[in-house]
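Peer 1: Would you mind keeping the following structure in view while I ask a few things?
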Amino acid sequence: MTGNRKTSNAILERYLDDMVAHGIRVFEHPKHGGVNASLHIPTSWHPRGGAADLNFGAPGAPKEERAALIWAAKCANALGLNAIYSYWRQHPTAKTRNSHWDHLHVDVGYTLGFPEGKLDWDAYRKLLETPVPGFTRKPKRLRTLRPSTKFNGWVRLWQNFLIEVGLLEKGQADGKNGPITQAATKEYQKRVGLKQTGIVTHKEWFHAAGGVEPGDEGYKVHIAQAILGFGPKGRDGIAGKNYGIRSKELQRWLGVKDDSKLGRVTISNLVKKG
Ligand SMILES: [Zn+2]
């Protein structure tokens with residue numbers, strides 16, 4: 001969209017990073033997958049790094065995604081960014097162009113008829129701390145580890161977890177799924193009531209995340225973060241703010257109490273439905 005600059009690219013970038021951390025996908029920005037100039041009007045902010053499209057993909061996004069994008073639009077406004085989302089406020093051209101029903105456009109400028117909010121860090125932080133309304137998160141199924149799985153970072157993670165729970169000795173995390181590791185896996189399976197196969201499936205990984213709650217540290221947190229879809233950089237083994245947000249989203253997806261604690265009920269539902 002065109003118009004006069006109202007705020008900085010840096011604030012937009014900070015906002016986009018925060019949105020990504022909350023599970024919202026960002027497109028059409030130089031630092032988020034690049035810009036396809038043919039999608040926008042020639043004077044658009046997009047190629048200049050002053051706009052991005054937050055998109056859940058499907059036109060007529062489902063209700064829970066709308067709720068998440070309306071939240072994201074409010075966050076944008078709290079930073080003085082301009083936000084166009086037809087489910088939130090009717091954009092004058094949205095109906096004819098059919099372009100702002102399926103995604104939220106955010107930019108650094110004033111646009112026609114949209115002199116939006118003012119920069120207010122306190123209001124922004126408050127919004128960021130509330131879980132994304134309606135947003136739910138499917139768990140990721142982690143790699144299955146068979147005896148033939150070799151030199152794999154996931155094997156090492158599993159071994160470090162086994163060390164953490166006292167089933168392997170320190171120094172035994174060699175990244176190879178050998179007989180000692182398989183025996184330890186069988187011990188673990190016995191402990192949590194799974195079939196003793198020595199093979200680590202998504203079920204063993206789900207169990208390994210059991211008991212994690214905000215403030216925890218360790219390899220079980222690392223595993224929980226992987227299940228919650230954190231990228232390699234985000235998997236730091238410390239259950240911080242983003243862990244708190246995403247674990248609630250997972251619990252909403254499971255239909256259990258969203259308290260961020262991966263307790264017995266959460267884990268058993270995860271094994272059943274995940
Ligand atoms: Zn746009």
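All of the numbers you see were taken from the coordinates with simple rules; none came from a lab. Only a predicted model underlies this, so the values are computations on that prediction, with no experimental measurement involved. Cβ atoms come from the backbone with ideal geometry, glycine included; neighbour counts cover every protein chain shown.
Peer 1: Using the Karplus curve 6.51 cos²θ - 1.76 cosθ + 1.60 with θ = phi - 60°, what ³J(HN,Hα) values do you get for each residue of the stretch 23-35, in whole Hz, with x for Gly and Pro?
Peer 2: With coefficients 6.51, -1.76 and 1.60, one gets x, 8, 8, 10, 10, 6, 9, x, 8, 10, x, x, 10 Hz.
Peer 1: A follow-up question, please. Against the longest alpha carbon principal axis of the chain, how many degrees, from 0 to 90 and to the nearest 10, is the axis of helix 241-254 turned?
Peer 2: Result, in degrees: 80.
Peer 1: How far is helix 153-164 tilted, in degrees, relative to the longest principal axis of the Cα atoms in the chain, given as a value from 0 to 90 rounded to the nearest 10?
Peer 2: 60 degrees
Peer 1: By how many nm would the segment from Arg5 to Lys31 lengthen if fully extended, with 0.36 nm per residue of separation less the alpha-carbon distance?
Peer 2: 7.4 nm
Peer 1: From the backbone phi of the stretch 178-189, what are the Karplus-calculated ³J(HN,Hα) couplings (6.51 cos²θ - 1.76 cosθ + 1.60, θ = phi - 60°) in whole Hz, Gly and Pro given as x?
Peer 2: For the stretch 178-189, the Karplus-derived couplings read x, x, 5, 5, 4, 5, 5, 4, 4, 4, 5, 4 Hz, x marking Gly and Pro.
Peer 1: Something else about it: Among residues other than Asp259 whose Cβ falls under 12 Å from its Cβ, what is the net charge (Lys/Arg +1, Asp/Glu -1)?
Peer 2: Once positives and negatives cancel, what remains is +2.
Peer 1: Where in the stretch 207-233 does the amide nitrogen come within less than 15 Å of the point 7 Å from the Cα of Val265, taken along Cα to Cβ?
Peer 2: Hits in the stretch 207-233 for Val265 at 15 Å: 211.
Peer 1: Also: Mind listing the phi-derived Karplus ³J(HN,Hα) values for the stretch 39-53, rounded to whole Hz, using 6.51, -1.76 and 1.60 with θ = phi - 60°, and x for any glycine or proline?
Peer 2: Ordered by residue, 3J(HN,Hα) equals 7, 10, 5, x, 8, 4, 6, 3, x, 8, x, x, 8, 8, 10 Hz.
Peer 1: How long is the gain from Val165 to Gln196 if the chain were fully straight, where each residue apart is worth 0.36 nm and the alpha carbon distance is subtracted?
Peer 2: Gain in length upon complete extension: 9.5 nm.
Peer 1: Note down the nm distance, to one decimal, between modelled labels 7 Å out along Cα→Cβ at Ala67 and at Ile41.
Peer 2: The answer from the label model is 3.4 nm.
Peer 1: Filter Lys150/Lys203; Lys138/Lys190; Lys6/Lys233; Lys203/Lys257 down to the pairs with a C-alpha to C-alpha distance above 23 Å, please.
Peer 2: Numbers: Lys150/Lys203 20 Å; Lys138/Lys190 27 Å; Lys6/Lys233 32 Å; Lys203/Lys257 21 Å.
Lys138/Lys190; Lys6/Lys233, as the Cα separations exceed 23 Å there.
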